[in-house]
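No lab work stands behind these numbers, since they all come straight from the coordinates. In this text, all values refer to a predicted model and were calculated from it rather than measured experimentally. Methodologically, a virtual Cβ is constructed for each residue, glycine included, from the backbone with ideal geometry; neighbour enumeration extends over all protein chains shown.
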Amino acid sequence: MGGETVTVQGTGVCLPNYTIMLRPRGTLARALYNKYKSDEHLLTLDRNEWYRVETSRLKPEYARLYLPMSPDEETDAFIETSTRISNSIITQIYHSLVKFFLSWFMTPTSING
């Protein structure tokens, strides 16, 4: 169990090899565990990276038009609200049930709004 790491399937999160043995085996437990690890990974990301552009890869006429930006308060508030809502199991169950019933007579696009 040296310094090996393993990527958690579907998340891109690298974990020390020994933690894979500790992963839950049930479908729901595995989904919750993967969501927890994914959320943990997202909390450590540098959000400013999402706004960076390698201007050296752009045509010069476009590179000079590039205006650097960063996350604003509304973006941060949206991400925090989205995280809180996605962490609510009751809300997720409610949305899943409503979507299931509405899918009998509505398209997925109409259901999602």
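Order 26-36, 68-78 from most to least packed using the mean count of other Cβ atoms within 10 Å. Don't jump to the answer; show the numbers that get you there.
Values: 26-36: 12.1, 68-78: 10.5.
Output ranking for 26-36, 68-78: 26-36, 68-78.
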Between Gln92 and Leu58, what is the label-to-label distance in nm when each label sits 7 Å out along the Cα-to-Cβ direction? 3.7 nm
How large are Rg and Dmax for segment 46-112 when calculated on the C-alpha trace, in angstrom? 19.4, 53
